[in-house]
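Working notes, structure below.
None of the figures in this text is laboratory data; all of them are computed from the coordinates on show. Owing to the predicted nature of the structure, the values given are computational and were not obtained by experimental measurement. In this analysis, Cβ positions are derived from the backbone assuming ideal geometry, glycine residues included, and neighbour counts consider all displayed protein chains.
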Ligand SMILES: Cc1ncc(COP(=O)(O)O)c(C=O)c1O
């Protein structure tokens, strides 16, 4: 057995998270695509079957109350909260990340300008304070997953802002008293680069603007610390490292100090202070509920709730430590096995700049990934030439990392 294989086995034996793997439905495949769709936690099918057969099939409409359907968005939000470093009452689950980016960004511009409608502030009419209309710029991460950029442009049109796309490192120098809000990704979806959330948030605050973070590629992979670092608003999906399932609902974090003035651009009946009052006038609910819109997607939401059970007793610090050890080890195996010059790592070597994935630039990456998948190693391909390998510490082993690198070398050799 090669030295690296032996080392993988001994790292797996010492791994404090190793028992978690049994809580997932996995097979012989090396699954390195949890940064796109997390694996299925083993308790989810039974729970979803109960939701369908008993809660829906037998209790029917009574389940909105008796099975806790109505309050699921806030209840499950409070389960996501500790994973992103938020105290309870600030996270609500629902809608897609794209929709939550819209709510967060328009809400952030309104907050930065001091524009609050009467309905949102709880005042009878008019409301409003002293709008700071001088703030007419939204800065958006130019390297972002495209949906955030599309939504940011629309949010800019609707709020009368200009849009400035910039790489995160260029943001501090570009900030000015005209900046209203900045939308950034905690980790780059292509390269896996981790951005400096505390430093960038502080820079945004220094000019009186608000920071909105997309946590899709970090929640469940590393400590985020939204409360500790003063993040204003944040969004993220739950189908990657949180294993909520295909299309599981996203979440919206609104910092407690902003909640009373958070003026959602999508005020639906379920974010009304009295949803069953059926009032013609909107009056916003208090707290995280203000981020809701319409009827929650209960089947997906309760699948997510069951999926979150795997986090019981898990420390996010331990997850981060294993994630870094896994990506370090994978990079070492790639260097040892893959002939020089065939791949180039786009993922930063420095731990402080690395998320939980490794991105390798490789000629013919699309075909290479197809053969890797045929050989039982599942990652993904991002055009034009990037192989992505996501490392989910709850179920990926060091033996998986070694095998993936070995199969990659064989594939490139073939
Ligand atoms: C950083 C980032 N933001 C947003 C999305 C898309 O979100 P949704 O499809 O839930 O709207 C993704 C999807 O992978 C993503 O990686």
(Q) So the label point goes 7 Å from the Cα of residue 260 along Cα→C-beta, right? Which residues of segment 61-101 then have their backbone N under 20 Å from it? (A) 87-91
Q. Between the helical axis of 298-307 and the dominant principal axis of the chain, each derived from Cα atoms, what acute angle in degrees is found, rounded to the nearest 10?
A. 50 degrees
Q) For the chain, what is the largest minus smallest coordinate of the Cα atoms on each principal axis, given in angstrom and ordered from greatest to least? A) 74, 58, 34
Q | Size-normalised alpha-carbon gyration radius of segment 310-414, reference 2.2 N^0.38 Å | A | 1.06
Q. Using a Gaussian network model of the chain with C-alpha springs under 10 Å, which one of 174, 284, 156 is most mobile by mean-square fluctuation?
A. 174
Q.
For a quick check, take a GNM of the chain with Cα springs below 10 Å and name the residue from 182, 92, 310 with the largest mean-square fluctuation.
A. 310
Q: Quick one: divide the alpha-carbon radius of gyration of segment 70-311 by 2.2 N^0.38 Å and tell me what you get.
A: 0.95
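Helix-derived [θ] at 222 nm for the chain: sum -39500 (n - 2.57) over DSSP H runs of at least 4, divide by residue count, nearest 500? Show your work: numbers first, answer last.
Details: 14 runs with 143 residues, N = 414.
After summing the helix terms and dividing by residue count, I get -10000 deg cm²/dmol.
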Q) If one takes the longest principal axis of the Cα atoms in the chain, at what angle in degrees, from 0 to 90 and to the nearest 10, does the Cα axis of helix 97-113 lie? A) 50 degrees
Q | Nearest 10 degrees, 0 to 90: helix 146-159 Cα axis against the chain principal axis | A | 20 degrees
Q) Hey, in the GNM for the chain with a 10 angstrom Cα cutoff, which one of 19, 209, 401 fluctuates hardest? A) 19
